[in-house]
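Notes follow once the structure below has been shown.
Derivation of every value follows stated rules applied to the coordinates shown; laboratory data play no part. Bear in mind the structure is a predicted one, so any value in this text is a computation, not a measurement. In this analysis, Cβ positions are derived from the backbone assuming ideal geometry, glycine residues included, and neighbour counts consider all displayed protein chains.
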Amino acid sequence: MLQIDFIRDKKEIVLQGLQKRNFARAEELIAQVLDFDQKRREAQTELDKVNAEANNLAKSIGELMKNGKKDEAEAMKTNSASLKNRAKELEQAMKDFTQQRLEVLVQIPNIPNEVVPAGKSADDNEVVYQWGDMPELGDWALPHWDLIQKLDIIDFELGNKITGAGFPVYKGKGAKLQRALINFFLDQAIEAGYREIQPPLLINRDSGFGTGQLPDKDGQMYHATEDDLFLIPTAEVPITNLYREVILNEGDFPIKNVGYTQCFRREAGSWGAHVRGLNRLHQFDKVEIVQIQHPDKSYQALEEMCAHVQGLLEKLNLPYRRLKLCGGDMGFTSALTFDMEVFSGAQKRWLEVSSVSNFETYQANRLQCRFRPKDNPKNIQLAHTLNGSALALPRIVASLLENNQTQDGKVKIPAVLVPYTGFEWIE
RNA sequence: GGAGCGGUGGCAGAGUGGUCGAAUGCGCCGCACUCGAAAUGCGGUUUACUCGCAAGGGUAACGGGGGUUCGAAUCCCCCCCUCUCCGCCA
């Protein structure tokens, strides 16, 4: 969430930024936040005074007791009763205003970076880079959902039996291909200086709040109600939360972690004709890179992360394009997001396979992830958080299968993966 | 799931009603000594909110919440978590 001080001091900048997102309720919510904030401060100022008075009184009574002046002490006690009542009222008021302020604050999205283009929907995203040759496939080319059935490597019917739609079963070379991709992505990230993390797949409410999934997006996560835990929608959640309520030293930067996890998404209400096959699943595999950075270096890091992701796609020889998301299409918590889309030759569609974002201090403020500047250790500041998929597997698999299929019904494995798969062809 | 122990500052660890935001040790920072370093000595070293142009004040926090009391780290109640043992089990 945005920092209250920033909203107080730079209200115009906040409003301008929110406008770029086409965030309709900006004026209203900002006014509410400032109002609750004002009331909260007034309550605190008075509460502090009352408490100070009560503290002094208690001290005096203590002195009198010690000196045996019991009568005088008793006389003062009545005074403190009324102070106590007043303090209770004020404390309640403080709590209420703080809570109300928070409730509004979490409804306000991040302010887009100045380079973010204005726009309303995915149609307004900017293609900033494109790489690779478009696959030239004949009419014989099959979409991946037909291919996987023919090759018998991924089974949706079995998944339906075990769980339900969107939970595929990977079999034989299909399973091995998954494992190969995961290992390839992890190895590449480690080589790029990331530390591998294996986090829990269930998270508590504090973690969900820290990265922004809670309070509003709980409907998108699977909920283990008995223990009030949530299945992670992405490794971003546990890995970023490693740094919740942490004060880092400036020398700790850059912090670069990578994790492979399965991801679970309810995807409520988002099913349709264009999400056939592997295009959208409830459970899928993803390797995620997460950085915690000094504010001065975070955009450099963002570029580095994009370059890493693009390098992976190039090594897999998948034609892709890089999009700079417009204000209207960006995620709630992001300040700048680049999406990578791969062209899938038989569906003849661009598929999003990665989303790389800088959240600046928006997540860090929720997480309370901060650092001490070297030159001024007292001046503790919020860090910047970033993350990106590197990469999400299902659509990579879909495009690999489609683009690398041959007319006689086989699929060629990209050379970089062969050491991981142990085979060159799926047939 | 049952029983027990515990939860205090960066860490370890004292503190069982007031003068305790908290001893002591370690760590860390600064200074002195030294050619330099080590050792030693001295000083400093939590965070949040808030008032103030500033200097500098105030308040809160000892797992979380509530209560008793003029006054709570300390007493009482509820909850959470760690650890140990038992049970179950990969």
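Summary value for chain A: 20 percent relative contact order, contacts being C-alpha pairs under 8 angstrom separated by 6+ residues.
Peptides A:359-372, A:301-314, A:390-403 ranked from most to least packed, by the mean per-residue count of other Cβ atoms within 10 Å: A:390-403, A:359-372, A:301-314. For chain A, the longest principal axis of the alpha carbon atoms and the long axis of helix A:298-315 meet at an angle near 20°. Taking the longest Cα principal axis of chain A as reference, the axis of helix A:26-66 is set at about 40 degrees. So what does the Cα-only Debye profile of the range A:268-330 read at q = 0.24, 0.25 Å⁻¹, as log10 I(q)/I(0), no solvent term? At q = 0.24, 0.25 Å⁻¹ the computed log10 ratios are -1.20, -1.19.
Along its principal axes, the range A:167-245 has C-alpha extents of 39, 33, 19 angstrom, given from the largest down.
When peptides A:327-340, A:36-49 are ranked by their average number of other Cβ atoms within 10 Å per residue, the highest-first order is A:327-340, A:36-49. Modelled spin-label separation between A:Glu314 and A:Asp146, with each label point placed 7 Å from Cα along the Cα-to-Cβ direction: 3.4 nm. Site pair A:Ile197 and A:Ala58 shows an inter-label distance of 4.1 nm when each label is modelled 7 Å from Cα along Cα→Cβ. Do the alpha carbons of any pairs in A:Lys256/A:Lys374; A:Lys150/A:Lys412; A:Lys10/A:Lys374; A:Lys217/A:Lys297; A:Lys11/A:Lys88 sit beyond 24 Å of each other, and which pairs? The pairs that break the limit, which is 24 Å between Cα atoms, are A:Lys10/A:Lys374; A:Lys217/A:Lys297; A:Lys11/A:Lys88. Calculated from the alpha-carbon coordinates, chain A shows an Rg and a Dmax of 27.2, 104 Å respectively. Taking every alpha-carbon pair under 8 Å whose residues sit at least 6 apart, the range A:4-105 reaches a relative contact order of 39 percent. Extending 7 Å from Cα along the Cβ direction at A:Glu352 and again at A:Thr78 yields two label points whose distance is 6.9 nm.
Hey, with R₀ at 41 Å, roughly what FRET efficiency would A:Leu102 and A:Gln283 work out to, going by the Cβ-Cβ distance, to 0.05? Show your work: numbers first, answer last.
Working: r = 33 Å, r/R0 = 0.80.
Computed FRET efficiency for A:Leu102 and A:Gln283: 0.80.
With the helix formula -39500 (n - 2.57) applied to DSSP H stretches of n ≥ 4, chain A reaches a computed 222 nm mean residue ellipticity of -13500 deg cm²/dmol. Once you treat every alpha carbon in the range A:310-427 as an equal point and sum by Debye, what is log10 I(q)/I(0) at q = 0.13 Å⁻¹? After summing over all Cα pairs, the log10 values are -0.65. Restriction of the GluC sites (Glu not before Pro) in the range A:96-182 to DSSP coil positions whose beta-carbon has at most 11 other beta-carbons within 10 angstrom yields A:Glu114, A:Glu136. Looking at the range A:198-257, the GluC sites (Glu not before Pro) that sit in a DSSP loop and have at most 16 other Cβ atoms within 10 Å of their own Cβ are A:Glu226, A:Glu245.
Mean projection of the Cα convex hull over all viewing directions, computed for the range A:4-105: 7.4 nm². Rounded to the nearest 10 degrees, the inclination of helix A:173-191 to the longest alpha-carbon principal axis of chain A is 50 degrees.
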